[in-house]
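S.K.: Quick one: structure below, then a few questions.
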Amino acid sequence: GQRVVLKELTDKKMSDGIATNALKIQELAIFLAHQYNKKHSTSSAAHIRFLPCSFVKFPDGKIMWIEPEIPKGATFDKYCDNNGHWNWKNYSGTMASFLKYTHDLSDGWLMVSDLQGVRLSKKEFVLTDPAILCLDTSRFQPTNSGKEGMKRLLNEVKRAPDIHSIISPSTKTGTAA
């Protein structure tokens, strides 16, 4: 069988509702990655895959996240956070392209961020624990930094040298800019 990882969720404010919301974020990221991969299936772009996940609540109230184990030997990298900042030492044009794709697909309503995981090959990223930034900051909490986070991520990525074919000065930034 497949090996899994159990992560104890230690936030004192953790509840069934917050854990369920995290599952919804993960499922939406999985869906959007699938759409991105379909759109780029004939290109040389790397595919993006988010790990499926679930959670279990124990009788003592402890909540643990369950997801497949990331392959051993792969280097875990954080590409960007949910506050609008890129980790330039791990910058990836594929991650920037995906982030922008989710923003454009939703007409600026939301974007998948907090991109982190492993690159298994030149053709595949496996990611975990995303955040969704949304103009409606009552959604996708507690990690949604809203319009400002989206704006910072889009503005910062314009500085990257290998992204100019993805984001140009004429590119619309929806209502998040």
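The values are calculated or read from the model by the stated rules, or taken from the named source; none is laboratory data. Everything numeric here is computed off the predicted structure, so don't read it as measured data. All Cβ positions, even for glycine, are placed from backbone atoms using ideal geometry, and neighbour counts span all protein chains on display. Side chains included, ligands, DNA and RNA excluded: accessible areas come from the protein's heavy atoms. Shrake-Rupley method; radii C 1.70, N 1.55, O 1.52, S 1.80 Å.
S.K.: Report the residue count in region 72-113 for those that are of a type in the set (D, E, K, R), assigned to a helix (DSSP H, G or I) and open to solvent by 20 Å² or more (accessible area, probe 1.4 Å).
M.R.: The first filter runs over region 72-113 and keeps only residues of a type in the set (D, E, K, R), leaving 72, 77-78, 81, 89, 100, 104, 107.
Filter once more, keeping what is assigned to a helix (DSSP H, G or I): 89, 100, 104.
Then drop every residue that is not open to solvent by 20 Å² or more (accessible area, probe 1.4 Å), which leaves 89, 104.
Count: 2.
S.K.: If you don't mind, there's one more thing I want to ask. Only one of Met64, Met14 is touching a residue at least 12 places away in the same chain (Cβ under 8 Å) and either closer than 19 Å to Arg139 by Cβ or not in a strand (DSSP E or B) (or both); which?
M.R.: Of the residues listed, the single one that is touching a residue at least 12 places away in the same chain (Cβ under 8 Å) and either closer than 19 Å to Arg139 by Cβ or not in a strand (DSSP E or B) (or both) is Met14.
S.K.: Something else about it: Looking at (1) modelled with pLDDT under 90; (2) in contact with a Phe, Trp or Tyr (Cβ under 7 Å, 6 or more places away or on another chain), which is the one condition that is false for Ser44?
M.R.: Failing condition for Ser44: (2).
S.K.: Quick check on my filter: what residues within region 9-56 are open to solvent by 40 Å² or more (accessible area, probe 1.4 Å) and in contact with a Lys or Arg (Cβ under 7 Å, 6 or more places away or on another chain)?
M.R.: Answer for region 9-56, where residues must be open to solvent by 40 Å² or more (accessible area, probe 1.4 Å) and in contact with a Lys or Arg (Cβ under 7 Å, 6 or more places away or on another chain): Asp16, His47.
S.K.: Here is a follow-up. From the list Pro68, Pro59, which one is exposed (fewer than 14 other Cβ atoms within 10 Å of the Cβ) and over 15 Å from Met150 (Cα atoms)?
M.R.: Details: Pro68 fails: exposed (fewer than 14 other Cβ atoms within 10 Å of the Cβ).
The match here is Pro59.
S.K.: Of the residues that make up region 137-152, is at least one modelled with pLDDT of 85 or more, open to solvent by less than 10 Å² (accessible area, probe 1.4 Å) and closer than 28 Å to Arg3 by Cα?
M.R.: no
S.K.: Determine which member of the set Gln2, Gln35 is closer than 18 Å to Leu127 by Cβ, outside any helix (DSSP H, G or I) and polar (S, T, N, Q).
M.R.: Exactly one of Gln2, Gln35 is closer than 18 Å to Leu127 by Cβ, outside any helix (DSSP H, G or I) and polar (S, T, N, Q), namely Gln2.
S.K.: Please go through region 35-62 and give me each residue that is under 21 Å from the mean Cα position of the chain (by Cα) and β-branched (Val, Ile, Thr), ordered by number.
M.R.: Passing the criteria: only Ile48.
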